[in-house]
Each structure stands twice: as structure tokens, then as C-alpha cells.
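A short worksheet on the structure shown next.
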Amino acid sequence: MPLVVNLEETSASDLPLVGGKAGKLGELIREGLPVPPGFVVTTESYQSFVNATALKEIIPAALGAIDVSQPATVDAAAERIRSAFESTEFPSDLRRTIADRYEQYVKDHRVRFSAVRSSATAEDLEGASFAGLQETYLNVTGVEHILSAVRKCWGSLFTSRVLVYRQRKGFDHAAVRLAVLVQKMVDATVSGILFTKDPNTGENHMIVEAGWGLGEAIVGGEVTPDHYVIDGASLKVIHKQISEQNVRIVRAEGGGNRREEVPSAERGRQKLPDHRLQRLVSLARVIESHYRRPMDVEWCADPESLYVVQARPVTTIPTSTAAPTAAEGPSAASDDAPILRGFGASPGVASGIARILRGPAELDRLKAGEVLVTTMTTPDMVPAMSQASAIVTDEGGMTCHAAIVSRELGVPCVVGTREATRLITDGAEVTVDGKTGSVYRGARAKAKPSAGASAPVAATGAGHEAAPVTATKILVNVGVPEKAEEYARLPVAGVGLLRIEFIFTAHVREHPLALLKKGRKEELVRRLADGIGKVCQAFHPRPVIIRTSDFKTNEYRGMPGGEEFEPEEENPMIGWRGCSRYISAVYKPAFLCELEAIHRVRSEMGLKNAMVMLPFVRNTWELEEIAEMMRGAGLKRSRDFKLYLMAEVPSTALLAREFSKHCDGFSIGSNDLTQLVLGADRDSETLGRMGYFDERDPAVQRAIELLLEGAHAEGRTVGICGQGPSVYPEFAEFLVRKGIDSISLNADTVVTTTRTIASLEQRMKLDGLRRD
């Protein structure tokens, strides 16, 4: 595994090696988006540094001493580990490798100053952004300062606030590793953040915030930025709120940052002229199109150009955009006007005793259930934020630290009030409405989350919003096992897609054949079984459909030990993947380990809700050989064990009745089916922009119709586990009208898409009554 890699060579599939931030930026470079150049000090470097030094013993010892009920033990562990990182010297070979790559990067891109940015394997993910929690160092120059900043970034993986956040989000401390991105620094005159969908209301509006200087002041909530709202359909600006900015952060002479006053003539000016705003919106539309989901984009600009410096999924989208009813909003409980107004940054309504905190040193003053009032939150305040019933700040916008973390925690939040710490009395009771951005005196007896302010699916552990009953079975897709308990509280009938390769990357972290070669079969099976078992236990007795591994050769080569076993293919998307791997003499031993792990979950753990789904099926004869392997592993189709096939290759649709003889049902993989029916590379942004890649194409829909007709004729079920139904309501309508049996959705779209389906089924029922 490489110790360093150029940024443009990375992608999201390299998450275990380069982390979430760098992987996404690498993809955007290849899409032609303006991203500053750089290189990545990979997680392999991190692991080499740890393994070659005393940190190998220090980290587990410190983590083992943590008692989560005692915050002092968390602080002590964090201090011990961070101090060790910062004081430990680089092994000479590793130091030389990083230094050589830095010198080459400086030469190739004429770099003077760099940003040194953390890029963790648990970061910028759906449901967990880790916003502001790991360190970034700006305007760094020179090899020694770069190396020092890399060590500090590594150490920031173990700050108190990160340990608390990971614990709350269900991530294993020992499984997370950190890459470091070294990137050419933009001498920004203006910067900000953009949401491609309103994270507070869920409406189809883009939200842009902009401020003078570097973006740290906005993210940190030190300033209240300009606020622009753009209609998602017409891309026209429908609202502007220009804020006065008195201070900005800029580059200091010789490196580092400094604060300076904004010249009086510029303080009240619009930060981003309309023509640059439209250019930014166009870039954001490309990013959203690439990832096919709402995105949170960090950007900056110098006098000549705009740059994208981060892109991550919006981790919280409300499950409804309906307005509060008269009985639900706090204002209905009294005619009193609010004492404060700001930006509604995280939906919900809460009352409590106001506790004004002047900084992290006063966190102990806040008791559980009180309202945190402060000038601005910092990452150090996360433990306190998780206890607060609501949060109110003087400064900040929709994209500041307080806003992002509050939405993930499901805590109502109002930011940018200007004078909360002056007008609110410490110890007084207040009510906070995070949807409208209002703060009221006293408790409101009827205060509760408004219809549009239910806790976001990806952010809260309890109280998920109820959804209507549908004839179409609704399932959920699960990526990492750590999210299973949270997702199990959703109104779903089970798991329609558990990707076993995510367990490989998060829990195994090494090529399976490399582990087998080292005689570590039991370790491989145990780790797979532990991950699968965690999901099955959370959802029991509801079924969990486990898709066996579908890594492509280029993805497998990127895993530790993978180069020895994986060929280099010209087109891995239609190469050695899916079932073709299982029946090959080379990979068969690893596939048998997957089957053994699933059998162990069913037999030893007693979790009979574990089912199997085979990916990228091409022929019936390969299924016969795989079925024999499964029977040998104790996995035989029966009343309580079902075998499903992914319908991704057109042959499964064309010969649906023949394939039905080998399975209990199908699940449509709409991305692969679309690209193979239309001959359109799913990864081609050019074809995507031109409209070639579209699940709604008549040819793709005809293939789905053939599959439904053939499978139902043989008494087999058909579901879908792609993103199409949640992205395109009309595609969902097509599927329901054609009789799809189940739809498996990403967690953040379950409630809204279920409502869409329920409404459609009701219309179909009424249409039938009219015809009768």
C-alpha cells in the first residue's frame, strides 16, 4: 500500500486508504471541477508510524482506561495520546518518503503555502460529517512545518471531542485511521459553504453562505455570513441577506493566519457578486449530479477563480417540509413576540433553563436539558452540545459548526441572533424554535417538534418519525454495522441490502486472500461474522439480506495485500466481479469464508434472519456451482433461509423465469442495469450530463417489466435497492404501478419516500374505484 499518493489519483472507493475528504476531492478533480492540487499522506503512513513507535502500546492502553461516564478519563486519554503523537519522531524511511513527495509537489505546482487537512476513514460520511472535529492547519510552508502538522493531524484523531462524537455515532475507536491531505493553499478573498438542498426545511433550495477572507471564521461561527437562497429548479436567487462583517481571517506574512479588520467600505457589501454566485451554483449542480444526493460543499475564491475545497453528503435532511400547525408552534401558546430571531439552523422546539457559556472552560456549568447560549460553539463544546435541549448563538450561519453538529445531534438550534448572550438572562427559562429561528421567553406548554421539524434520520438515535403503512414493503440499506441499531428504529420491514464489502473495509481492512495466505482464516471469518451479527441482532427478527462481496479488481487491488491477487483490468466494471469470482479457483477460498461467517451468524448466534443475495449474476450455470458451495457450508434454501439474486445484468431480465428456478427473489440494481442496457458508463459525467444514464429510460423500464413478469409468473418476489425511487418520484410510481414487491432505501429517505409511495397507492386505489 502506498505511503503517499497524488490527490488526483484518489476516489471515494479509496476510503480506507485516503479517507473521506481526499477521496471525494480526487473524484471531483477527475470530473473537471476546480480543486486545488495536492497529495495525500495515506492511512498506511499513519499505521506505519504507529506500528514503528511506542504509540502501538500507548493508544490501546489509553483508550482502555476510558470510562465514558467519567469525562476526566476521556480528557486524560486524549491528552496522553496527542502528546505522544506530537513528540514522537518520524521513522527515517517514512520521513524521507513524505519529504520527497512534498518537494516534488512544490515544484510541480509552484506551491508556497499549503493547507494540511485531516481526512479520516470515518469522516464526510452519510450520517456523520465529523464537522470541524479533526484538525486543519492553513498556510503551512516548509518540510519541517508540514511534517509537524501531519503529526498534529494524526493526534487530532484522539481529542476528547472526537472520542465523544465517535462514541455517540457508534464508530469503533480502534478501527478508524487518519490520512492527511496536503493541498495548495488558495489566498482566498471570499469563502463559504453551499448546501444543494436546504438542510433545515428539506425544500428544493440551494443555500449559499459567503464571508470575507478564509472560511474558518464562518465554520467556526465567528462571523455571520451573507445568506443567499437559490431556487433548485430555476436556479434563480430568491432571497439575499447581506450581513455586516467587521473582521476576517487572512494569511499572515511568512505563514499561518491572522485576524484583521475589514475596511469600513467593504463591511456591508455583498460578498459574492451575482455572476460568481451563479458560477458557484453551476459547480454545485455538477457535484450533486455526480453523487446523486444532496451535498454540502465548501468553496473559496481568489480574485480570478472559484475553487471547491470539500464536498460531503448533507448528513441531515428533515423528513417533512410541512408547516407547523397552530397547535404545534410555540408562538401558538402565547401572543408574545420572540425576544430574538436568527437563522433556524436545526429544526425542533425545546424549552429549558438558559445557561450562558463564555467558552469551553465553563462547560461544567451546563446541566442536561438546559439551553446552551453562547457567542459561538467550538468543537470542544460537542460533549456539552449533546446534553443541551437546544442551542442559541450570537454568531454563525446555516453552515457553521453549531448548525451542522446540532442537526446531527437532533438538537434544535438558532444561530446568528447577534445578541443572545446579552438579551437572554442566565438561569431564565426560554423556548427555542429551530425551524423558524425564534427564541421566546418562558416555557411553552405545547412546545414540541413541529411537523416540519422532526429529528433527522441520520442524526438521532430515538423517536424516528412514523410513516404510513404501504402495500409495497419498505426496507433500508445498511452500510456500516455501527449504524444498525439506529436504523433498526426506522419504520422498515428489514434490511434490503447489507453490503459485505463495507464490513471488509471497516472491520477486516485487508485482502481476504492475503489473510488466508498468512494463516489467519479464523480472524477473517470472526470479523465478518461479528459485523454481520451486529446488524442481524439489531433488526431481529426482521430479515437482513446480505449481499456477498462485489468488489471490482481495481477496488480489491487497493486493499492491503491485494496487488498479489488482483489482475489489472481495462474495464473492471464488467470484469472479474460478483459470481464469477466465487467459482474461480483463485477466489473460491475467500468466498467460502464469507459463507462460513454467515452460517456462523445463523447457527452459533441463532440469528436466522440472515439471508443471502448474490451480486452480478450472469448465467444460470454459475448459480448451480455456487448453490453446491452454499449447501456444503450449511446454507440450503428452505422456509427460513432465502437466496436472492441481484438483477443487474440484462440476462436476468431476459431469462427471468429460468433464473427464478435458482432463487427465492430478485433485487434490481438499477445503476448496473441501466449502464448495461444503455451501454452508458455509470461513472461518465459526460454521458450523465447529456442524459444518457437515466433509470427512467424506456429501455431500462422495459427490462424491469420483463423481470417482474417472469419472476411473478414463477412466484418469485422482485425488489429494488438502488437510489432511483428516492431521487425520481416518477420512477417510484412506475415501479409501484408495475407491482414491485419491495423498495430498499437509504436511511435518510425512508420516511419521505414511504409517504410518496403511500400517496401513490392511495391514488391507484381511488382510480380503481372510479373505474369500477
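The values are calculated or read from the model by the stated rules, or taken from the named source; none is laboratory data. Bear in mind that the values here come from a model prediction, so they are computed numbers and not experimental data. A quick note on method: Cβ atoms are made from the backbone with ideal geometry, for glycine too, and the neighbour counts reach across all protein chains shown. The accessibility values were calculated without ligands, DNA or RNA, using every heavy atom of the protein model including side chains. Shrake-Rupley method; radii C 1.70, N 1.55, O 1.52, S 1.80 Å.
Straight-line reach only, C-alpha to C-alpha below 20 angstrom: list the aspartates and glutamates that Lys517 could link to, leaving out same-chain residues fewer than 8 apart.
Straight-distance partners of Lys517: Glu501, Glu555, Glu563, Glu564, Glu566, Glu594, Glu596.
So, in segment 161-296, how many Lys pairs have Cα atoms under 18 Å apart, if the pair is 8 or more places apart or on different chains? All intermediate terms of the calculation are to be shown ahead of the outcome.
Values: Lys197/Lys236; Lys197/Lys240; Lys236/Lys271; Lys240/Lys271.
Lysine pairs satisfying the spacing and distance rule in segment 161-296 number 4.
When the Debye formula is applied to the Cα atoms of the chain, each taken as the same point scatterer, what base-10 log of I(q)/I(0) results at q = 0.05, 0.10 Å⁻¹?
These q points yield log10 I(q)/I(0) values of -0.26, -1.09.
Taking the Cα atoms of segment 11-115 alone, what are Rg (to one decimal) and Dmax (as a whole number) in Å?
17.5, 51
In the chain, what % of DSSP beta bridges are antiparallel (nearest 5)? Before the final figure, lay out the partial values.
Details: 67 of 104 bridges.
Beta bridges within the chain, antiparallel portion: roughly 65 percent.
Before I look further, what does the chain give for accessible area per residue, probe 1.4 Å, in whole square angstrom? Before the final figure, lay out each step's value.
Numbers: 29610 Å² over 772 residues.
Spelled out: the 1.4 Å probe surface of the chain, per residue, equals 38 Å².
What trypsin sites (Lys or Arg not before Pro) does segment 64-112 have in DSSP loop regions with at most 10 other beta carbons within 10 Å? Numbers along the way, then the final one.
Details: sites: Arg80, Arg82, Arg95, Arg96, Arg101, Lys107, Arg110, Arg112; in loops: Arg110, Arg112.
When the trypsin sites (Lys or Arg not before Pro) of segment 64-112 are filtered for loop state and at most 10 Cβ neighbours within 10 Å, Arg110 remain.
Provide the solvent-accessible area of Leu280, counting protein heavy atoms only and rolling a 1.4 Å probe, rounded to the nearest 10 Å².
About 10 Å², ignoring ligands and nucleic acids.
What translational diffusion coefficient, to the nearest whole µm²/s, does segment 357-440 have by Stokes-Einstein, given a Kirkwood radius computed over alpha-carbon pairs, a temperature of 4 °C and 1.567 mPa s viscosity? Walk me through the numbers on the way to the answer.
Numbers: Rh = 12.3 Å.
D = 105 µm²/s.
Probe radius 1.4 Å, ligands and nucleic acids left out: which of Ser234, Ser11 has the largest accessible area, and how do the rest follow? Can you show the working numbers first?
Details: Ser234 65, Ser11 15 Å².
In descending accessible area the options line up as Ser234, Ser11.
Remind me, relative contact order of segment 579-626 in percent, using alpha carbon pairs under 8 angstrom and six or more residues apart? Could you put the intermediate results ahead of the total?
Working: 26 pairs, mean separation 25.2, N = 48.
Reported relative contact order: 52 percent.
Between Leu340 and residues 5 or more places away or on another chain, which pairs have amide H atoms under 5 Å apart, with H built 1.01 Å from N, and which residues are they?
Those qualifying (amide H under 5 Å, at least 5 residues apart or on another chain) are Val439.
About its Cα centre, how strong a charge dipole does segment 231-270 have in debye, to the nearest 20, once Lys and Arg get +1 and Asp and Glu get -1 at the Cβ? Walk me through the numbers on the way to the answer.
Working: 8 positive and 6 negative charges, 14 e Å.
Dipole about the Cα centre, nearest 20: 60 debye.
HN-Hα J couplings of segment 537-548 from phi, Karplus 6.51/-1.76/1.60, θ = phi - 60°, integer Hz, Gly and Pro as x?
5, 5, 9, 3, x, 5, x, 10, 8, 9, 7, 5
In the chain, carbon and sulfur make up what percent of the accessible area (probe 1.4 Å)?
The nonpolar share, carbon plus sulfur, comes to 49 percent.
What accessible area, in Å² to the nearest ten, does a 1.4 Å probe give for Met573?
Here the accessible area works out near 20 Å².
Report, by chain and number, residues whose modeled amide H sits under 5 Å from the one on Gln310, excluding near sequence neighbours (fewer than 5 apart, same chain).
Glu298
With every protein chain in place, what's the accessible area of Met605 (1.4 Å probe, Å², nearest 10)?
Here the accessible area works out near 80 Å².
Quick one: 3J(HN,Hα) in Hz for segment 698-712, Karplus 6.51/-1.76/1.60 with θ = phi - 60°, rounded, Gly and Pro as x.
Listing the rounded values in order: x, 5, 5, 5, 5, 4, 5, 4, 4, 4, 4, 4, x, 5, 5 Hz.
Ignoring ligands, DNA and RNA, how do Tyr291, Tyr307, Tyr228 rank by accessible area with a 1.4 Å probe, largest first? If you can, show how the numbers build up before the last one.
Details: Tyr291 30, Tyr307 55, Tyr228 0 Å².
Highest to lowest solvent-accessible surface, that is Tyr307, Tyr291, Tyr228.
What's the lysine pair count for segment 535-668 at a Cα cut-off below 20 Å, pairs eight or more apart or interchain? Could you put the intermediate results ahead of the total?
Details: Lys552/Lys588; Lys588/Lys636; Lys608/Lys636; Lys608/Lys642; Lys636/Lys661; Lys642/Lys661.
Pairs that pass both the separation and distance tests number 6.
Relative contact order for the chain: what is it in percent, counting Cα pairs under 8 Å that are at least 6 residues apart? Display every interim value, and only then the final one.
Working: 1727 pairs, mean separation 73.3, N = 772.
Here the relative contact order equals 9 percent.
Regarding segment 628-723, what whole-number volume in Å³ per residue does the convex hull of its Cα atoms give? Each step should come with its number before you reach the end.
Details: hull volume 10.2 nm³, N = 96.
About 106 Å³ per residue, rounded to a whole number.
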